[in-house]
Structures are given as structure tokens and as C-alpha cells.
Amino acid sequence: MDKKENCGLFGIFGDPDAAVKTFYGLHSLQHRGQESAGMATSNGEAISLHVGMGHTTRVFRGGKDVLTMLKNPIAIGHVRYSTSGSRNLANAQPLLTEYSRGQVAVAHNGNLINASLLRDEYEAYGNIFKSTNDTEIIVHLLAKPSHVAKPDPLGHVLNHLQGSYSLLFLFPDRIEAARDPYGIRPLSIGRTKAGAYCFASETCAFDTIEAEYIREVQPGEIVTLDKNGLHSRWFVKPGSITPAHCIFEHIYFAKQSSYIFGENVHQVRRKCGAQLAKEHAVDADVVIPVPDSGTSAAIGYSRESKIPFDMGFVRSHYVGRTFISPGQDVRDLAVKLKLSVVKEVVKGKRVVVVDDSIVRGTTTKGKITALRQAGAKEIHMRVSCPPIRFPCFYGVDFPTKEELVANEKNMQQIKEFLEVDSLGYISLDGMLSCVSLPKNHYCTACWSGKYAIPVTTVVNKFMMERYQMQLFDEEPVQL
């Protein structure tokens with residue numbers, strides 16, 4: 001099955017230009033997914049759908065003919081995170097289907113850890129699946145006759161799901177948005193100047209269409225937009241579950257201008273950079289970031305250390321995000337195309353390189369090699385998140401422990417592998433000191449091995465088999 005989706009969602013209700021605004025909202029969320037894009041719109045009675053492979057501008061052909069066809073006052077859209085073995089139009093979202101209560105389109109950001117078990121059960125009863133992504137399972141659950149008969153079918157279905165999910169459901173007459181009880185993936189509510197409500201994975205999408213940020217969809221909440229306005233209900237008791245927000249959204253995924261979990265991403269990253277300088281000071285001549293997600297942290301490191309900041313790498317904006325490219329060969333090539341070294345900045349210098357994270361380590365090594373070739377005298381690698389040692393089951397593409405350089409190697413071995421003069425990661429407590437919510441309100445599983453939603457239960461044995469691993473073979477870091 002297709003896993004590990006960290007995608008972008010946008011939806012809007014009651015705007016005559018809903019399709020156009022959704023297009024621009026998705027375009028601003030392009031950093032969250034570049035494999036496919038799609039949009040479903042409704043005129044209040046019937047839903048229209050268009051999906052395609054590639055970036056939003058390609059899928060919607062500049063916005064003219066397709067957006068004219070999709071012109072309706074209600075819309076939801078999706079951009080999809082590229083993963084290995086998943087380049088298939090059938091996996092593009094939103095997914096549109098029809099069941100006993102009519103049409104529904106679904107867009108999903110997250111990862112269901114009990115998806116394999118649910119799929120096996122439904123296939124055993126003869127259900128046919130058209131795609132390999134776990135979002136389709138939600139549709140099958142929603143269509144089950146015993147679920148349809150419930151007073152709140154959607155709330156009942158959501159209580160069957162385990163894992164991370166921010167969801168947009170488009171019915172002909174309304175949009176329903178939901179967020180998992182742990183609030184792992186972000187989802188926010190905005191309002192346009194004309195008074196139309198909208199949803200987005202990140203608030204940067206609201207900025208694009210000049211909408212005002214209202215609030216987040218709360219963990220365990222279902223928010224409905226219909227002709228009566230905005231109203232909500234809960235499918236779990238409010239406050240009954242401690243949140244587990246994915247702090248990697250702050251570290252890497254989200255755009256610097258966005259507000260995630262109540263805080264501006266740029267400010268959090270800058271604080272992480274300053275904390276990193278406190279924990280791993282070094283004598284150097286220049287601080288350079290690995291753009292773009294390392295830039296804010298590098299600014300913080302420079303300010304705290306008093307070492308001048310400069311742009312030692314220049315990024316090509318015509319290349320997508322390398323972390324979410326589908327294969328290592330593609331990632332390596334993309335890095336070479338994406339980043340070029342400004343030799344005058346690094347030649348003969350002692351250079352501090354600040355990056356947001358090191359996952360597999362191979363692309364980072366390529367960057368270090370390029371700096372050496374440009375004449376850098378010393379290279380000191382600094383990383384604004386702790387060593388990633390465990391896979392993520394909630395929507396980030398850390399597929400196996402064996403692919404994580406910090407799981408396979410100790411700090412000295414990583415330093416030697418990267419061929420740097422020194423290496424420093426921010427501590428877990430140091431990183432958590434840079435965000436405002438209580439420490440236990442964030443998911444730190446990829447660093448600590450402490451999973452908010454258990455993945456060792458019998459229900460999730462399929463996940464264990466797929467990743468061919470045993471968790472907790474090392475003592476988890478205690479928060």
C-alpha cells in the first residue's frame with residue numbers, strides 16, 4: 001500500500017471564484033507535494049473533479065479551461081507528496097466516489113497506521129479498491145451500511161481510524177473538515193474579505209487569497225461549512241487526548257510565513273538556530289544555510305554566534321524539494337541541479353553550514369563535497385533538529401531504520417561519513433525549548449522512539465512486518 005503522505009489541502013465554501021482561489025491556495029502549498037494535484041468542486045447538487053500528475057500549473061494548464069469547467073461556489077483541492085512506487089494517477093486526490101447517500105470527494109493529509117488491516121478486512125468481504133493509498137479506505141468505511149445508519153456517520157468512521165489525518169470531505173451541499181484526536185497534521189480555518197470560509201494545511205494559503213486566519217481545526221473536531229455558515233462538533237471528548245503535533249512541520253515541511261500549531265514557522269526555526277549556536281559554538285568566518293528550510297535557523301545561529309551570515313548556496317527554484325523525491329538517484333541529481341555554490345563566499349573560509357535535518361546523509365555529503373571543491377578551508381555542520389533515528393508512521397517519509405544515517409552510525413561515524421571538520425545537532429530538549437506549547441504536546445518519535453499512537457499492537461502488526469523492524473531495541477529518550 002501507498003504510505004507516508006505529507007500533502008497539502010485547501011477548501012473554500014460560498015465563493016463564486018472558489019475554483020480559482022483553490023488553485024492559488026494549492027499553488028502556495030506546492031512545497032508540500034509535487035507529484036500530483038487535484039480539485040473537486042460542487043454547484044450544490046453535483047460534484048465535478050479534475051486530477052493530474054505534476055505541479056498545479058501543469059495539472060490546471062495555467063488555470064483557464066480547466067478552472068472554467070470547475071467553476072462552482074464550493075471546492076476542495078489537494079497536492080500530493082511524492083513517494084517511492086506511488087506515481088499513479090489512481091492515487092491522485094481528491095478521491096471522488098458515490099455511495100448510498102450520494103457523492104463525496106475526499107482529500108487527506110496524513111497516514112493511517114491501521115490501513116492495511118482495514119483494507120484486508122474489506123477485501124475479504126469483496127470490496128474492490130481502485131488505488132493503493134489509505135485514503136480510499138475512509139471512503140469504504142463511510143459507505144458501509146451499518147456506518148451510514150449511525151446518527152453521525154462521519155464521526156463514527158473517524159473513530160475507526162488510527163494514525164494521522166487532516167481531512168476535507170466535499171459533499172454536494174457542504175464541506176466537512178476533520179483532524180485526528182492528536183492533531184498531528186495541521187489544518188486551519190480562514191475567511192476571505194467577502195466572508196467565505198476556507199480551510200488550508202498552512203496559513204500561507206490564506207495570505208495568497210487575502211483571507212484572514214481565524215483558528216485551527218482542533219484535534220478531534222469536525223467543522224462543517226454549509227449554507228448556515230460554520231459550525232462544529234466533536235468525535236472525541238475535547239481535551240481527553242494529549243496532542244502530539246508533528247514538530248517536523250516546524251523544522252522542515254511548512255513554509256516560513258505560515259503559522260503552525262499557533263506559532264510562526266520562521267520564528268521557531270530562528271530560535272532553533274540560536275539554541276544550536278549555544279549548544280555547538282565554533283570559531284568560523286561565515287554561516288551559510290542550506291536553503292530554503294535551513295535559512296531561518298542559519299539566521300538564528302549567526303545572530304547568536306556573531307558570525308556573519310551569507311548565502312553560500314544558491315537555489316534553483318525550478319527544482320522541487322529533494323527530501324520528498326521518490327528515489328535516492330533522483331534525490332542526488334536534484335541536489336546538484338537545485339544548489340550551486342557561491343565560491344567567493346566560501347573559498348579559504350571556515351564555514352558553518354546550517355541545515356534543518358539529515359535523514360539518509362547522502363545528499364548532505366554531496367553538498368559538503370561541493371563546498372570542498374569550491375575551496376572551503378573548514379566545514380562545520382550544524383543541524384537544527386536532533387538525529388533522526390526512528391521511522392515515522394504518521395506521514396513523513398522515513399521508511400526504514402536502515403536508511404537513517406543516525407540509526408546506523410554514531411556521531412563520530414556520521415562526521416567521518418560526511419567528511420566535515422565538526423558536527424553538531426541541537427538537543428531534543430533544546431529544540432523543544434524553542435516552541436511555546438508544553439513539551440508533551442509534540443510528537444518526537446523520529447528522534448526519541450516514543451510514539452504517541454502505539455505501533456506495536458496486534459492491530460498494527462502489518463506495519464511492523466512492512467518495515468521489517470523491532471521498535472525500542474534501544475532505550476527511548478525520555479521527554
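Thr363 meets the conditions (1) surrounded by 20 or more Cβ atoms within 10 Å (Cβ to Cβ); (2) assigned to a loop (DSSP other than H, G, I, E, B); (3) at pLDDT below 95; (4) not charged (D, E, K, R) in every case but one. The failed one is (2). Any idea which of (1) surrounded by fewer than 20 Cβ atoms within 10 Å (Cβ to Cβ); (2) part of a helix (DSSP H, G or I) is the one Gly52 doesn't satisfy? Just one mismatch for Gly52, condition (2). Checked against the criterion of being closer than 16 Å to His78 by Cβ and of a type in the set (Lys, Arg), the candidates Arg191, Arg185 yield just one match: Arg185. Once the stretch 426-448 is narrowed to residues that are of a type outside the set (Gly, Ala, Ser) and in a loop (DSSP other than H, G, I, E, B), the residue that is surrounded by the fewest Cβ atoms within 10 Å (Cβ to Cβ) is Pro438.
Selection over the stretch 389-424 of residues that are aromatic (Phe, Trp, Tyr) and out of contact with any strand residue (DSSP E or B) (no Cβ under 8 Å at 6 or more places or on another chain) gives a count of 3.
For the stretch 260-275, the count of residues that are buried (at least 21 other Cβ atoms within 10 Å of the Cβ) and over 22 Å from Phe248 (Cα atoms) is zero. If I ask for residues that are in contact (Cβ under 8 Å) with a residue 40 or more places away in the chain and surrounded by fewer than 16 Cβ atoms within 10 Å (Cβ to Cβ), which ones from the stretch 121-152 would you list? Passing the criteria: Lys130, Thr132, Pro145, Val148, Asp152. Scanning the stretch 193-216 for residues that are of a type in the set (Val, Ile, Thr) and buried (at least 21 other Cβ atoms within 10 Å of the Cβ) yields Thr203, Ile209. Would you check which residues across the stretch 426-457 are touching a Leu at 6+ places or on another chain (Cβ under 9 Å), hydrophobic (A, V, I, L, M, F, W, C) and outside the structural domain of Pro386 (by TED's automatic domain parsing) and list them? Matches in the stretch 426-457: Cys446, Trp447, Val455.
Residues that are among the aromatic types (Phe, Trp, Tyr) and under 20 Å from Leu49 (Cβ atoms), at least 2 per element: which strands (runs of 3 or more DSSP E) completely within the stretch 136-193 meet that? Please lay out each step first, then the result.
Working: elements: 163-171, 174-179, 188-191.
By residue number, 163-171.
Residues in the stretch 138-161 that are modelled with pLDDT under 90 and closer than 21 Å to Arg185 by Cα: 1 in all. Test Leu423 against the criterion of being part of a strand (DSSP E or B), in the same structural domain as Ala274 (by TED's automatic domain parsing) and under 22 Å from Ser293 (Cα atoms), and give yes or no. Yes: the conditions hold for Leu423.
The values are calculated or read from the model by the stated rules, or taken from the named source; none is laboratory data. Nothing here was measured: the structure is a model prediction, and the numbers come from that model. Glycine gets a Cβ as well: all are built from the backbone with ideal geometry, and neighbour counts include every protein chain shown.
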